[in-house]
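Each reported figure results from applying straightforward, stated rules to the coordinates on display, with no laboratory input. Since the model is a prediction, treat every value here as computed from it, not as a measurement. Cβ: placed from backbone, ideal geometry, glycine included. Neighbour counts: every protein chain shown.
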Amino acid sequence: MSRFLFLTFVTLVFVAFVASGTDVRSARNGAIRGRVDLRKVPAPAEPRPNVSDLGAAARALDISDRLRSVVYLESAPRGAFESVEPTHAVMDQRGERFVPHILAITTGTIVDFPNSDHIYHNVFSLSKTKRFDLGRYAAGKSQPVRFDRAGIVRVFCDIHSHMNAFILVFSHPFFALTDNDGRFRIDNVPPGTYNVIAWNEGVQSEPRAVTVPDGGVAEEDFVLR
Amino acid sequence: MPSTLRAALIVSALLGCTVRATAQGLPSEPVAFAGGRVTVSGDITAGFGSDDTGFFNFTDYEHSALRLFRVDLSTSVALNPHFSLLAEIRDENIETLRAYAFYVRVRPWTDRAIDIQAGRVPPTFGAFARRAYAADNPLISYPLAYQYLTSLRPDSLPWNADELLRMRARGWLSNYSIGNTEPDAGVPLVSAFRWDTGVQVHAASAVLDGTVAVTTGTLANPLVKDDNSAPQVAGRVAAHPIPGLVLGLSAARGPFVSSTAARGAVGDGHDRSFTQTAFGGDVEYSRGYYLVRAETIWSEWKLPSLGAPVIDRPVSALSTYVEGRYKLRPGLYVAGRVDHLGFSDIVGSAGPQSWDAPVTRVEVGAGYSLQRNLLLKISCQRNTRDGGRVTESTLVGAQIVYWF
């Protein structure tokens, strides 16, 4: 009798667990989309006045990367922190610039830093999130760095002071990089209410509460600077 | 106020300012105006070091390179793709604000790396003088060739060899009987603390670049206004055959002695004869976490032959240094330099002797970046000299560098 009662109890617990799980799975993920309006586009870093140089250095500035922002959930839904396989991303050194200027990745991502210039570069960061120094290496060579902590990493070149970039490391996958017009879309967001933040070149918005409907799309626009 | 106390106060104030600057977000990059056509950058350096009783690190009679508080502001104004105006003002130890550099840069063809610079222009000769900024120098002191004061002066001349030999190891305050008889500082082989005035042409290709300059002063004595009747001509060729390797050769020649001093010695019309001639070679190689540099400079000065025992041949000096830097971890490096400055012999009443006292300096140090543009350096140097009141000296120093 006691064995029968025990099996019945276990069965009921299992059914309840499966049923509750079925409820979650039956909810369809949604998305958050919108636009980040930059009132003032941040200027690219200018080289220091090369007063001690014997001649001018030719360099073309490109501000397109500065138009891009990152939008992310401040607090992620349950299950967002499940471990995933390490992925790779690339931040190139080309024309005395980091390309892309902004990289958004998840923790565990390995970023490769190839040198596509015919001169030396020396990638480094003294950020609390990740301190590293890759030393000097020539064209065609690349060095990897794995980012295991969430946070913002400022990346510089030790030889060319005007070269700088941002790497935003998230512990969840609910973020998106805008296009040059500021448009973004964060997909696969479970239904619920989240605080959403927009970020551009060190400036971030106040957290904005956004409710993602079941299987629907929430719209939210931001203004920065 | 004692100089040590003043230096300590300056360092404390700078540390306080930099901490506040970090908190308040002072610029870490050049400040740009007018759509990037005007850029302003700055370097602030504060040094605190041992009392240098042997004047090994002095840049003139009053200033030691180990105890220097320096503020540099540099600006570039790009008028159009062909014309730029560049300037740097500098203040040392809160004294006199000076225009260190002030020149116009002309690029006749925007698609060709040929530049003409006119005004108070960067040094053509050698490698170190163009990277004398504190953040570019892994140690605190300067190489001897660029800083150590020999006993020679452009405005004052020794009557004979004995008078020159009496000033051995007295470059920080020498005086002679011809020309300006007031005691004053001598000159280094190449001055890293003043820039010359003139016209400079620079051309560069993928593996080679060359520069020629005509200026008013000389390597040892750069000037704004010429003090004799002929200019100096200097040239440099640098090759960079592979990334990380630079090989440079330099040469310069120009009248060193001022017209007034030359007139006092041998009469009018001879000031072109007393020249400084110099040749230099430099190499830099870097890879991974290390950087190695070496430079050698030979300089010769022609002085008038006057009383006995006569200075019967030009006096010369040869300086060589090797320095290296190795990064131990992000933001932390160690560095060292071995440096020697030797002098040719002349014959005085007591026999042959080098005209100035040879000096050797060994310096080791480390640097730690508190943040990207805030660097703390410490170093220890051992100086030995074959002559003078102080023949050996061990000095320690610390320096903090903030730049934007």
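Per-residue ellipticity at 222 nm, computed for chain B from helices alone with -39500 (n - 2.57) per DSSP H run of at least four residues, works out to -3000 deg cm²/dmol. Our estimate of slack between residue B:61 and residue B:360, defined as 0.36 nm per intervening residue step minus the Cα-Cα distance, is 105.6 nm. Rounded to 0.05, the FRET efficiency of the residue A:116 and residue A:203 pair, given R0 = 30 Å and the Cβ-Cβ distance, is 0.55. A Gaussian network model of chain B, with springs between Cα atoms under 10 Å, assigns the largest mean-square fluctuation among B:250, B:64, B:305 to B:305. Taking chain B as a Gaussian network of alpha-carbon nodes connected by springs under 10 Å, the highest mean-square fluctuation of the residues B:352, B:143, B:122 belongs to B:352.
Between residue A:99 and residue B:205, the distance separating the two model label sites (each 7 Å from Cα on the Cα→Cβ line) works out to 2.7 nm. Segment residue B:166..residue B:98, full-extension length gain: 21.1 nm, with 0.36 nm per residue of separation and the alpha-carbon distance subtracted.
If you run the Gaussian network model on chain B, springs between alpha carbon atoms under 10 Å, then out of B:45, B:75, B:53 the most flexible one is B:53. With respect to chain B, whose longest principal axis is taken over its alpha-carbon atoms, helix B:3-24 is tilted by about 20°.
With a simple spin-label model that places each label point 7 Å from the Cα along the Cα-to-Cβ direction, the separation between residue B:184 and residue B:37 comes to 4.2 nm.
Please rank B:44, A:110, B:311, fewest neighbouring Cβ atoms within 10 Å first, as an exposure proxy. Please report the intermediate quantities before stating the final value.
Working: B:44 20, A:110 14, B:311 26.
Fewest-to-most Cβ neighbours within 10 Å comes out as A:110, B:44, B:311.
When the alpha-carbon atoms of the stretch B:3-403 are used, the pair Rg, Dmax equals 21.4, 68 angstrom.
Give me the Kirkwood hydrodynamic radius of the protein assembly as shown in Å, from all C-alpha pairs, to one decimal place?
Working: mean 1/r = 0.0358 Å⁻¹.
Hydrodynamic radius (Kirkwood, Cα only) of the protein assembly as shown equals 27.9 Å.
Which part of the stretch A:28-59 falls in the paramagnetic zone of residue A:74, meaning amide N under 16 Å from the point 7 Å along Cα-to-beta-carbon? No residue passes the distance filter. Reported to the nearest whole Å, the Cα centre-to-centre distance from the stretch A:92-165 to the stretch B:381-404 is 37. Each residue, residue B:225 and residue B:249, gets one label point 7 Å from its Cα in the Cβ direction; the gap between the two is 3.9 nm.
Overall, the stretch B:3-403 carries a charge dipole of about 980 debye about its Cα centre when +1 sits on the Cβ of Lys and Arg and -1 on the Cβ of Asp and Glu, all other atoms neutral.
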